Amino acid sequence: MSDSTMERLNALLPEWLETSRLHTGQGKVASYIPELVKASQDDLGIHIMDAEGNHVSAGDCGVPFTMQSISKVFTLILALMDHGEEAVFFNVGKEPTGDDYDSMIKLELVEPGIPFNPLINAGAITVSSLVGGDCKEEKSRRILEFFRKLSQNERLGYNEDVFRSESESGHLNRSLAYFLKHNGVIKDDVEDVLAVYFRHCSIEVTCADLARMALVLAHDGTDPITGEELIPRRYVQIAKTFMTTCGMYNASGEFAIEVGLPAKSGVSGGILTLVPGQFGIGVVGPALNRKGNSLAGVHLLERLSKEFDWSFF
């Protein structure tokens with residue numbers, strides 16, 4: 001990040017964020033996971049980090065929230081690192097669905113009955129079963145260690161209240177998992193797989209953690225601050241492609257047009273995005289639009305992308 005860009009962000013970001021915050025009243029906090037409804041609808045925060053570790057933040061960037069679907073990007077990467085492309089994509093496809101992220105319809109109607117991509121719930125549940133480990137505890141431990149390494153935050157952990165809430169209310173995800181088991185896509189015990197899935201969705205972060213993780217993706221798998229290669233470049237390419245085509249649910253095409261950056265959202269209001277070769281960005285805004293994305297967060301990212309010409313299209 002150049003000094004001039006940093007100066008502009010420091011000068012403009014607080015005012016722009018407050019303008020975007022005005023849109024929170026048009027959204028709704030997720031309620032299908034009961035614990036998430038406790039979030040403040042008016043919260044909005046952002047953290048941006050560059051390759052030298054310089055950063056700028058504004059708003060409620062210190063508010064903790066759970067990763068939810070953002071975690072799917074990194075469990076996919078871990079499964080690829082464990083087993084390679086052929087094994088992973090034998091069990092999950094590579095295409096957008098056009099359906100809601102928790103839909104079951106194409107599992108039944110479209111051969112061969114595997115999830116269309118790793119970022120819908122059925123795909124992420126399948127990927128959770130592919131993470132290496134002899135038991136659910138080992139799989140979850142490896143995922144958390146990987147996330148801690150990427151975020152450079154050894155204090156990263158689970159929100160146990162959200163984990164229990166997801167597990168107790170996740171009837172549709174449980175149905176998806178048992179249907180996948182019926183189709184032979186999931187080989188392991190369904191409840192063990194779901195425990196791994198609900199656990200990684202309940203990992204608690206801040207915007208700074210997301211920005212730090214996104215920074216590694218922005219630099220093709222190498223942490224630019226430490227110089228350590230954490231992810232093979234090929235797997236980052238795969239992840240960023242899925243983020244672009246599927247990462248913002250059924251608004252991914254619109255987000256690509258208006259923002260033009262790889263991104264992944266979660267129903268807690270988080271958005272992880274990146275400017276390739278430059279920045280990692282973490283956003284939180286719990287008020288969601290009807291597609292399940294942070295309404296004010298998307299508004300703020302649109303303005304930033306257009307002002308700084310960040311779109312890679």
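The values are calculated or read from the model by the stated rules, or taken from the named source; none is laboratory data. Computed from a predicted structure; not experimentally measured. Cβ placement follows ideal geometry from the backbone for every residue including glycine, while neighbour counts extend to all protein chains displayed. SASA here: full protein model, heavy atoms, side chains in, ligands and nucleic acids out. Shrake-Rupley method; radii C 1.70, N 1.55, O 1.52, S 1.80 Å.
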> Which residues, taken from the range 253-266, are among the acidic types (Asp, Glu) and without any contact (Cβ under 8 Å) to a residue 24 or more places away in the chain?
Replying inline: 254
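In the list 82, 100, which residue meets the criterion of being surrounded by fewer than 23 Cβ atoms within 10 Å (Cβ to Cβ) and in a helix (DSSP H, G or I)?
Working: 100 fails: in a helix (DSSP H, G or I).
Only one candidate passes the filter, namely 82.
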> Could you give every pair whose Cβ atoms fall below 7 Å, whose first residue belongs to the range 210-221 and is in contact (Cβ under 8 Å) with a residue 60 or more places away in the chain, and whose second residue is in a helix (DSSP H, G or I) and basic (Lys, Arg), counting only separations of at least 6 or pairs across chains?
Replying inline: 217/240
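So that you can scan it fast, the table gives a plain yes or no per residue for (1) part of a helix (DSSP H, G or I); (2) out of contact with any Lys or Arg (no Cβ under 9 Å at 6 or more places or on another chain):
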position	(1), (2)
118	no, no
123	yes, no
126	yes, yes
163	yes, no
> Within the set of pairs 6 or more residues apart or between chains, which connect a residue that is part of a loop (DSSP other than H, G, I, E, B) inside the range 51-74 to a residue that is at pLDDT 95 or above and surrounded by fewer than 23 Cβ atoms within 10 Å (Cβ to Cβ) with Cβ atoms less than 6 Å apart?
Replying inline: 51/224; 53/225; 60/43; 63/43; 64/204
>> Out of the residues in the range 167-198 meeting the condition of being of a type outside the set (Lys, Arg) and outside any helix (DSSP H, G or I), tell me which one is surrounded by the most Cβ atoms within 10 Å (Cβ to Cβ).
In response: 186
>> Under 7 Å between Cβ atoms, which residue pairs at least 6 apart in sequence (or on different chains) link something in the range 267-291 that is closer than 17 Å to residue 253 by Cα with a partner that is among the charged types (D, E, K, R)?
In response: 272/264
> Counting only residues that are open to solvent by 50 Å² or more (accessible area, probe 1.4 Å) and not in a helix (DSSP H, G or I), which one in the range 85-97 is nearest to residue 290 (Cα to Cα)?
Replying inline: 96
